[in-house]
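Take a look at the structure below.
Please treat every number below as a calculation from the coordinates, not as lab data. Bear in mind the structure is a predicted one, so any value in this text is a computation, not a measurement. Backbone-built Cβ (ideal geometry, glycine too); neighbour counts: all protein chains shown.
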Amino acid sequence: MLFAQYQLVKLAAVTSIVGLLLAACATTTPPPPLDLACADLARAAIPMGRVTKAALIPAGKQKVNMRTSSPEFEVPAHCDVWGRLRERTGVDGKPYHIGFNLRLPLQWNGRFLFQGGGGTDGVIRESVGLLPGGGQSAGALLRGFAVVSTDAGHQDETGPLGSYLFGLDPQARSDLGYAHLPPVNAAALALIHQAYGRSPDYRYFSGCSNGGRQGMMAAQRFPDLFDGIIAGAPAYRVPYAAAEATQQIQLLATISPKAANGRPLIGSAFSRNELKTVADGILNACDALDGAKDGMVHDIKGCQFSPKTLVCAAGQTTGCLTAAKADVVEKLFAGAKLSNGTRFYSDWPFDPGLNHPGWMVWRIGLNPTAMPPGAVNATLIPGSLAYAFTTPPDQPTDLYEYALNYKADLGVPKLSARSGIYKESADEHSNPTSTNLDGFKARRGKILFFHGMSDPIFSANDTVRYVEALRARDSVAEFERYSRLYLVPGMTHCSGGVATDKFEMLQPMMDWVEKGIAPQQLVGEAGPQSPWPKRTRPLCAWPQQAFYKGQGDLESAASFVCR
């Protein structure tokens with residue numbers, strides 16, 4: 001970490017501690033009830049910033065975000081606090097700040113949850129303590145947690161490039177990567193102390209995707225912030241996953257028809273029937289390895305599948321692939337490589353969930369004839385790669401063209417480069433790859449990982465490799481004192497897919513942190529999008545996997561064992 005940024009983070013931490021101590025000393029009587037004192041928090045002093053609004057929100061179902069697209073959530077009566085930290089002018093001449101939203105329930109359970117972000121952030125998401133697993137719920141807030149969320153230090157601008165232009169400012173890059181965590185945490189704790197007259201008994205973090213990556217950053221860089229961290233589908237090597245996505249686009253382009261403008265229609269690279277053929281091929285090869293033919297692949301270590309087995313025989317036109325398409329499938333799962341043969345991101349587990357909209361929306365899009373393609377890999381990912389991770393930043397105006405022409409041999413080295421005002425590389429500001437969690441373990445912190453095996457943007461295999469590296473460094477016994485990984489067959493990015501993707505992680509985390517009860521297996525339940533709406537399955541702590549006992553209801557988790 002650069003010295004100036006270290007000093008900034010250190011100042012935030014010290015200011016927070018001093019502020020809390022002063023508040024504690026000054027509080028000779030309990031604070032007034034929060035329903036009466038909520039509005040007063042608009043004038044509260046907080047480290048490195050200011051409160052912009054505080055208002056009492058009644059219990060009920062309502063929007064809880066400034067975004068017009070925000071859904072409604074069931075919420076308890078709470079004090080809704082908005083604020084800004086570290087207001088400044090960037091090197092690009094634009095105003096920046098770290099925005100946050102803290103929700104303080106009138107009936108507080110003494111716990112605090114920092115809700116991780118997603119994508120490139122830039123907006124303050126619904127700070128209701130959204131929990132892992134399928135479906136949306138106000139989760140932690142409804143359970144009595146104080147909950148904070150943040151835009152991670154920049155605000156999306158209008159226009160097609162508005163989500164990425166922040167990457168031209170080096171501090172905004174670092175803020176998104178990790179530097180927003182201590183100041184937002186300090187401000188939230190100061191406001192919690194003023195509202196309730198005391199600090200939280202326990203502090204948790206929960207996030208998926210970029211939020212999962214932020215949780216890993218906290219455990220590695222700021223081990224004193226949280227007692228328990230839930231890190232789902234962690235984007236912990238997001239610059240390299242972004243570079244990988246461009247190579248997937250280029251592979252798909254080789255088998256795609258052309259639009260009128262001459263560009264490949266990657267949405268037509270595979271038909272739904274062809275994706276089903278691949279999914280069926282994976283099931284035929286690997287479904288029964290766990291002892292049950294149930295449309296799910298649990299034994300990912302044992303699954304050996306070759307897409308070349310799907311090549312059409314002479315005269316065959318259905319239920320098969322052309323040799324070119326089978327070759328593309330094989331390369332998509334193998335992971336992109338540089339010209340010297342080095343894989344720079346990851347391979348991918350063979351899972352039948354690729355035949356699902358949650359996979360398609362990332363890789364090929366849902367509209368076969370859309371131009372530019374609706375695939376997230378052709379829009380969001382190239383923008384973040386060009387503006388936020390490449391040093392110095394590329395500044396394309398046509399993101400699809402950028403993805404089609406990205407040269408990995410030239411571009412991947414720029415992910416570890418520094419240049420001019422960009423004193424940190426993407427490796428430094430965005431990749432929490434260290435296996436040294438000694439500080440986090442010393443204070444008995446716990447971290448739970450989960451990942452869907454059909455995640456189309458961050459490979460579950462890459463998360464497995466990180467966890468295996470932790471186990472190798474610390475020993476299996478030591479690792480199991482502070483961490484677990486749960487893989488979810490069929491689940492796409494963070495939730496969804498043909499999967500038992502509804503599961504509880506917050507309560508097991510609380511039991512581990514607060515009672516010393518380590519989680520073993522979780523139970524996943526299929527959501528309404530699944531063909532098995534009543535199915536349950538054990539989600540096993542890696543490297544254990546679920547196996548059928550040989551008898552019992554195939555729809556019940558009780559018929560399976562982790563081994």
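Structural remarks
- Percentage, to the nearest whole number, of Cα pairs in region 66-172 over 17 Å apart: 56 percent
- Total formal charge among the other residues, if their Cβ is under 13 angstrom from that of D287, Lys/Arg +1 and Asp/Glu -1: -4
- Dipole magnitude (debye, nearest 20) for region 117-259, charges at Cβ of Lys, Arg, Asp, Glu: 260 debye
- The value for region 142-256 of Rg(Cα) / (2.2 N^0.38 Å) is 1.32.
- Hull volume in cubic angstrom per residue (convex hull over the Cα atoms of region 167-218): 81 Å³
- For K258, the lysines whose Cα falls under 22 Å of its own Cα, not counting residues fewer than eight places away in the same chain, are K325, K331, K407.
- The chain, relative contact order in percent, only Cα pairs under 8 angstrom and at least six apart counted: 13 percent
- Here the Kirkwood formula, the inverse mean of 1/r across different C-alpha pairs, assigns the chain a hydrodynamic radius of 24.5 Å.
- For the chain, hydrophobic long helices are taken as DSSP H runs at least 30 Å long by C-alpha position along their axis with mean Kyte-Doolittle hydropathy of 0.0 or more; these are 3-26.
- Size of region 462-511 as Cα extents on the principal axes (Å, biggest first): 34, 28, 11
- Two-decimal ratio, region 268-343, of alpha-carbon radius of gyration to 2.2 N^0.38 Å: 1.22
- C-alpha center-to-center spacing [region 307-343, region 372-423] in angstrom: 27 Å
- Among P182, N431, V329 the positive-end extreme of the charge dipole of the chain (Cβ point charges): P182
- For region 81-162, applying the loop criterion from DSSP together with a ceiling of 13 other beta carbons within 10 Å to the GluC sites (Glu not before Pro) yields E157.
- The alpha-carbon positions of region 415-466 define a convex hull whose volume is 108 Å³ per residue.
- Compactness of region 197-325, expressed as Rg and Dmax over alpha-carbon positions, Å: 21.7, 77
- Computed from point charges on the beta carbon alone (+1 for Lys and Arg, -1 for Asp and Glu), the dipole magnitude for the chain about its Cα centre is near 460 Debye.
- Based on Cα atoms of region 313-364, Rg over Rh with Rh as the Kirkwood radius reads 1.04.
- Straight-line reach from K94: taking Cα to Cα under 22 Å and skipping same-chain neighbours fewer than 8 places apart, the lysines in range are K423.
- Kirkwood hydrodynamic radius over Cα pairs of region 359-434, then Stokes diffusion coefficient at 10 °C and 1.306 mPa s, in µm²/s: 119 µm²/s
- Under 16 Å of direct C-alpha separation, and excluding same-chain neighbours fewer than eight residues apart, K446 reaches these lysines: K515.
- The C-alpha radius of gyration of region 396-516, expressed as a fraction of 2.2 N^0.38 Å, stands at 1.36.
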